[in-house]
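The structure appears below as structure tokens.
The values are calculated or read from the model by the stated rules, or taken from the named source; none is laboratory data. Keep in mind that this is a model prediction, so the values were computed, not measured. No Cβ is skipped: glycine too gets one built from the backbone with ideal geometry, and neighbour counts run over all protein chains shown.
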Amino acid sequence: MHVFLNGLAASAGGGLTYLRNVIPELSNRLDIKATIVLSSDLRRKFEPSSNISYITLNSTMGAAGRFWREQFLLGRLIEESGADVLISAGNFALRHSPVPQILLSGNSLYTSRDFVSDLRSRREYLLLLDTFGKQIFAKRSILWADCTVAPSTAFAKELKRWTGINVKTIHHGFDHERFHHSAESLSSDLRLRLDAPHDTLLLLFVSHYNYYRNFETLLRAIPIIQQRLGTRPVKLLLTCKFESEKNPGAYKSNAAAALVDKLNIADHVLQLGAVPYEALAGLYALSHIYVTPAYTETFAHPLVEAMASGLPVVASDIPVHREVCGGAAVYFERFSHEELAKQVVQLAGSNDLRQSLIGLGLPRSRDFSWHNHVDQILALARDLQMRAPARRNAITRRIG
């Protein structure tokens, strides 16, 4: 079988994590051939493989430009490659795919009412219009694809409510050996910046800046946490900076930066900026609690990384977080900084609770496997390949 993977949409966050893990898995499957289309700046991140060929395209276009280019160019590239099945990994499907198509849908912003409300409250009207436009194509993409896959059951149910179409769940994975054993040491500069008194409570949140990860709720919790901890210092480690030009996308971080000043917590918030993926394991190892206030998600890879690193988790109470962590986390109402602070302080003060969460988190992290994920994707692709003749006949009848 020959699969064609469209990875043009991957640039940061979950999309990039997906390719980092799936492409090495595909390279180990010598019974399949893969053609992968990537942006030109990502190609250098992947090693050559005998069963994988790459097509690189310029990545300077925005999402809209990428979508239209794909609609007009991708079909020809698929036919020239001789692929049997298309895997569209960027939330948008090819309207007239020449081969059966699996759509990987992984963006909950198109279905999130909280995100729409957030944009309105920020008066981000251009971004709101952009979101509404993408909603249309994301919804139609589910109609265009032969099968749509979501990375969590919670998001699959959300997509079905949105479109009326059944969506298959295939969890994203995690590779313990690749994450821990190939880890790079933290740079001396980074270690120097992380230097703090030995009793400092280190909270970690791994994300570039965006609105839906709800940074402001987390920031508002910090002075409450510090007040309740008394003399024990607290420091929040962030893998971003509140400088808009240093973050992907159109999100403006000036409000978050202003909130840090208003709350007088600059000494408690360490903005590390982007940390190389290979160095993340070292950052988890130095931290004490992982916290995420996101109000919408489709999977949340850092939660699995945190559990695998032996960190207890404090997470906003949304269905995806409960599906991924189960009993290995404590939860808070997603917009309540008071509840967030209460859970962190309770966890910091209870060794029994911390050990209980860690004990549940480590085995839970092993429930997620990139090997199993790719197995399931390829099994789905083979099923579509077998049904391809019937699909072609149906398309011929429809056109005729």
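Trp162 falls short on exactly one of the conditions (1) without any contact (Cβ under 8 Å) to a residue 24 or more places away in the chain; (2) hydrophobic (A, V, I, L, M, F, W, C); (3) more than 30 Å from Gln271 (Cα to Cα); (4) in a helix (DSSP H, G or I), and that condition is (1). Against the conditions (1) part of a loop (DSSP other than H, G, I, E, B); (2) of a type in the set (A, V, I, L, M); (3) under 16 Å from Ile23 (Cα atoms), where does Leu38 fall short? Just the number, please. In the conditions (1) part of a loop (DSSP other than H, G, I, E, B); (2) of a type in the set (A, V, I, L, M); (3) under 16 Å from Ile23 (Cα atoms), Leu38 misses (1) alone. Flag set for Ala258, criterion: over 22 Å from the mean Cα position of the chain (by Cα) and under 30 Å from Leu129 (Cα atoms). Within region 282-303, the set of residues being assigned to a helix (DSSP H, G or I) and under 21 Å from Leu109 (Cβ atoms) comprises His301, Pro302, Leu303.
Criterion applied to Leu119, Leu94 was being part of a helix (DSSP H, G or I) and touching a residue at least 24 places away in the same chain (Cβ under 8 Å), and the one residue passing it is Leu119. Contact map, region 226-247: first residue in a strand (DSSP E or B), second residue loosely packed, with under 14 Cβ neighbours inside 10 Å, Cβ cut-off under 9 Å, separation 6 or more or different chains; pairs are Lys235/Asp267. Of all the criteria given as (1) modelled with pLDDT of 95 or more; (2) in contact with a helix residue (DSSP H, G or I) (Cβ under 7 Å, 6 or more places away or on another chain); (3) outside the structural domain of Thr239 (by TED's automatic domain parsing), the one not satisfied by Leu201 is (3). Close contacts from region 260-284, counting a first residue that is at positive phi and a second that is part of a helix (DSSP H, G or I), with Cβ to Cβ under 8 Å and a gap of 6+ residues or different chains, come to Asn264/Pro223; Gly273/Lys246. The number of residues in region 150-170 that are farther than 24 Å from Val116 by Cα and either surrounded by 20 or more Cβ atoms within 10 Å (Cβ to Cβ) or among the hydroxyl-bearing types (Ser, Thr, Tyr) (or both) comes to 2. Just one of (1) out of contact with any Ser or Thr (no Cβ under 6 Å at 6 or more places or on another chain); (2) within 30 Å of His180 (Cα to Cα) fails for Leu272. It is (1). Residues that are part of a loop (DSSP other than H, G, I, E, B) and of a type outside the set (A, V, I, L, M, F, W, C) were ranked within region 97-116; the one that is surrounded by the fewest Cβ atoms within 10 Å (Cβ to Cβ) is Pro98.
Scanning region 117-149 for residues that are among the aromatic types (Phe, Trp, Tyr) and surrounded by 14 or more Cβ atoms within 10 Å (Cβ to Cβ), we see that the one that is modelled with the lowest pLDDT is Phe137.
Every listed requirement among (1) under 30 Å from Leu26 (Cα atoms); (2) out of contact with any Ser or Thr (no Cβ under 9 Å at 6 or more places or on another chain) is met by Thr169 save one, (2). Within region 363-387, if we keep just the residues that are surrounded by 16 or more Cβ atoms within 10 Å (Cβ to Cβ) and farther than 30 Å from Asp84 by Cα, the residue that is nearest to the chain's Cα centre (by Cα) turns out to be Ser365. Which one is nearest to the chain's Cα centre (by Cα), of the residues in region 122-158 that are of a type outside the set (D, E, K, R) and outside any helix (DSSP H, G or I)? Ranking the candidates gives Pro151 first.
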